[in-house]
Amino acid sequence: MMDATTVAATMSVADAMIAELENAGIRQAFGVISLHNMPFLDAIRRRGVMRFTAARGEAGAANMADAATRVTGVPALLVTSTGTGAGNAAGALVEALTAGVPMIHITGQIDSPWLDRGWGFIHEAKDQLGMLRAVSKAAWRIARPEDALPVLREALRVAQTAPAGPVSIEIAIDIQRALIAPPPPAGPVGVPTLAPDPALLAEFARRLATAQRPVLWVGGGTVHAAAEVRALADLGIPVVASTAGRGVLDENHPASLGTFAQSPAVGGLLGEADLIIAAGTHFRSNETRTWALRLPTPILRIDADPAADGRGYASSLFLQADAALALRGLAVGGHPDRTAWLARAAEARATAEAALRAQVGPYVALIDAIAAVLPDDGIWVRDITLSNSIWGNRLPRRAAPRTAIHAMGGGIGQGLAQAIGASIAAPGRQVVAICGDGGFMLNPGELATAVQAGARIAFVLMNDGGYGVIRNIQDAEYGGRRGDTDLLQPDFSVLCASLGVPHRGLASPEDAAAALRWAVAQPGIAIVEVDMASYGPFGTGYAGPPSQAKA
Ligand SMILES: Cc1ncc(C[n+]2csc(CCOP(=O)(O)OP(=O)(O)O)c2C)c(N)n1
């Protein structure tokens with residue numbers, strides 16, 4: 001029997017969902033085409049509003065969507081296939097969840113009459129929704145065509161509401177194809193912003209204004225609060241950033257302590273401070289020597305997430321609020337003259353940076369070469385490699401938020417694809433990415449994606465013939481018993497040649513500046529392969545992430 005709705009039904013659910021995502025400003029989509037997602041990809045192609053990048057695997061596609069979201073602040077779309085396809089994206093979704101990246105993941109499901117029966121339908125996966133719930137901030141199944149748009153709008157809202165995170169939707173292939181009435185134009189999805197409690201905010205402001213030696217610690221929850229953080233820095237408050245908070249305050253600002261909290265010099269400064277405001281930060285293990293780093297008290301903490309209260313460190317006061325709104329309320333006048341304190345902070349920062357430059361030995365030439373070709377709006381992507389743990393998380397300096405990308409969860413092999421997503425979403429901006437040879441080989445198929453998609457990236461490939469981070473841990477903690485860490489690697493120059501990628505070896509510090517200048521002058525992808533055995537050792541070794549055990 002037909003009712004008025006079925007008569008008017010002329011638009012597929014997939015088309016209507018893509019239109020809704022376009023309304024939300026989404027312009028970048030990544031994925032791998034499959035039987036169970038073709039209605040979405042067909043809609044994207046016919047409508048011509050979004051760009052879809054065909055990755056070689058769902059893990060890479062998810063890393064690309066993650067980085068596109070981090071760089072622009074606008075969610076990107078990930079489209080995967082049912083079962084194995086969605087599972088392939090799971091590791092990268094773990095990273096997006098760790099880093100609080102509000103990307104949208106849509107995956108297929110088998111025809112709804114056969115759902116959840118376990119009869120062996122092609123691509124069927126046991127409890128796919130349970131898997132998606134585990135690796136996403138939230139996950140939904142769209143069970144009926146009329147639920148598609150309300151669920152999608154809720155997903156957009158949940159993803160972007162602080163603490164942000166990736167969301168997943170699974171939808172059966174027959175429901176993707178089902179026709180619904182074209183929806184009337186919808187307004188924007190409201191993303192709630194939590195205003196601070198005025199009395200508590202006033203107490204924070206009073207304490208900050210009377211502190212002689214305050215410090216502000218900013219995390220990834222402040223990437224939209226650069227102006228507010230700058231205003232506080234201008235009041236004579238030194239600012240230290242977490243890895244996710246890099247560039248929120250220009251690292252060239254005189255009050256910037258960069259990301260040097262764990263250095264003895266800045267650690268000493270923290271010991272002298274008489275108050276710390278911590279805004280939008282996790283205080284992650286790798287950034288606090290597994291919470292052994294001594295922080296000053298009182299600790300005044302600001303976070304939209306109530307779970308941040310007492311996370312890692314006990315809060316003296318906790319203000320649940322959007323970081324930008326709260327920090328704006330703190331940047332009010334009447335502060336004491338902090339010239340001497342700022343000079344002390346500048347000295348600590350300079351000491352920390354000089355110590356790091358000494359620690360890296362000959363790699364200081366590489367750092368300076370990268371700094372010279374990376375403009376303020378350039379994007380600095382790092383995989384989990386020795387060079388990132390030792391210096392890439394701190395140098396070169398970054399001047400703006402959303403210009404530094406790194407797998408917060410520590411999973412290797414994601415930097416290659418993250419660089420691609422960043423380049424596609426921010427065309428015209430210089431991307432420089434550093435990867436170890438081990439991490440690079442986790443997902444090398446995406447190099448072909450990069451070339452085909454016309455991405456522009458200067459890769460610095462740190463080749464030490466295997467897993468350097470792990471070798472060092474074997475030396476430090478396993479009596480030097482090395483194994484499973486020496487890798488047969490391809491001849492990268494041949495691999496590059498097979499894809500038409502310009503490749504250049506780098507075997508000595510003297511050639512670093514010229515190699516980087518050469519790389520950024522290439523029109524697309526270029527790889528500078530550092531032969532670390534010839535280039536030379538770091539000044540000081542590295543024995544894995546700092547932990548209490550090693551402290
Ligand atoms: C997904 C994942 N698998 C395994 C590890 C363990 N792991 C940490 S560092 C590392 C070695 C990385 O080697 P490479 O990329 O060559 O950089 P290098 O350590 O040589 O600087 C490994 C295997 C990890 N962090 N993530």
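Any chance you could give the angle, 0 to 90 degrees and rounded to 10, that helix 364-373 forms with the longest Cα principal axis of the chain?
It is inclined by approximately 50 degrees.
Can you find, among ALA186, ALA331, ALA419, the residue farthest towards the positive end of the dipole of the chain? Put +1 on the C-beta of Lys and Arg, -1 on that of Asp and Glu.
Positive-end residue among those listed: ALA331.
Please state the shape class of the stretch 1-101: rounded when a/c is under 1.5, otherwise prolate if a/b exceeds b/c and oblate if not, all from the C-alpha gyration tensor.
prolate
Counting other Cβ atoms within 10 Å, which GluC sites (Glu not before Pro) in the stretch 433-534 have at most 13 and lie in a DSSP loop? It would help to have the intermediate numbers written out before the result.
Working: sites: GLU446, GLU477, GLU510, GLU529; in loops: none.
Filter output for the stretch 433-534: empty list.
List the trypsin sites (Lys or Arg not before Pro) within the stretch 128-203 that fall in a DSSP loop (any state other than H, G, I, E or B) and whose Cβ has at most 16 other Cβ atoms within 10 Å.
none
Rounded, prolate or oblate, given the Cα gyration tensor of the stretch 222-350, with a/c below 1.5 counting as rounded?
rounded
Keeping all protein chains in position, work out how much accessible area MET11 exposes to a 1.4 Å probe, and write it in Å² to the nearest 10.
Roughly 40 Å² of MET11 is accessible to a 1.4 Å probe.
What ratio of Cα Rg to 2.2 N^0.38 Å holds for the stretch 198-257?
In units of the 2.2 N^0.38 Å rule of thumb, it is 1.10.
Excluding ALA350 itself, calculate the net charge of residues whose Cβ lies under 14 Å from the Cβ of ALA350, where each Lys or Arg counts +1 and each Asp or Glu counts -1.
Working: positive: ARG344, ARG349, ARG357, ARG394, ARG397; negative: GLU251, GLU347, GLU353.
In short, +2.
Compute the accessible area per residue over the chain, keeping the other protein chains in place, probe 1.4 Å, unit Å².
38
Would you please name the trypsin sites (Lys or Arg not before Pro) within the stretch 283-353 that are DSSP coil residues with at most 15 other C-beta atoms within 10 Å of their C-beta? Spell out each step's value before the answer.
Details: sites: ARG284, ARG289, ARG294, ARG301, ARG311, ARG328, ARG338, ARG344, ARG349; in loops: ARG284, ARG289, ARG294, ARG311, ARG338.
Answer by residue number: ARG294.
Nearest 20 debye, what's the magnitude of the dipole of the stretch 47-159 about its Cα centre given +1 on Lys and Arg Cβ and -1 on Asp and Glu Cβ?
Magnitude of the dipole: close to 260 debye.
Farthest toward the dipole's positive end in the chain, which of ALA400, ALA205, VAL71, given Cβ charges of +1 (Lys, Arg) and -1 (Asp, Glu) about the Cα centre?
Sorting the options by dipole projection puts first ALA205.
Hey, any idea what % of the stretch 305-426's accessible area is carbon plus sulfur with a 1.4 Å probe? Mind showing how you got there, number by number?
On the way: 2100 of 3870 Å².
Its accessible area is 54 percent carbon and sulfur atoms.
Measure nothing fancy, just the Cα-based angle from helix 58-72's long axis to the longest principal axis of the chain, in degrees from 0 to 90, nearest 10.
Result, in degrees: 60.
With the full set of protein chains in place, find how many percent of the accessible area of the stretch 474-537 is carbon and sulfur; take the probe as 1.4 Å. All intermediate terms of the calculation are to be shown ahead of the outcome.
Working: 1840 of 3440 Å².
Carbon and sulfur atoms account for 54 percent of the accessible area of the stretch 474-537.
How would the chain be classified by its alpha-carbon gyration tensor: rounded, prolate or oblate, with rounded meaning a/c under 1.5 and the a/b versus b/c comparison settling the rest?
Taking the square roots of the gyration eigenvalues as a ≥ b ≥ c, the chain is oblate.
If you put +1 on each Lys and Arg Cβ and -1 on each Asp and Glu Cβ, how big is the dipole of the chain around its Cα centre, in Debye rounded to 20? Show your work: numbers first, answer last.
Details: 44 positive and 49 negative charges, 130 e Å.
Here the size comes out at about 620 debye.
The values are calculated or read from the model by the stated rules, or taken from the named source; none is laboratory data. Note that this is a predicted model, so its numbers are computed, not measured. Please note: Cβ atoms are built from the backbone with ideal geometry, for glycine as well, and neighbour counts cover all protein chains shown. All accessible areas refer to the heavy atoms of the entire protein, side chains included, with ligands and DNA or RNA removed. Shrake-Rupley method; radii C 1.70, N 1.55, O 1.52, S 1.80 Å.
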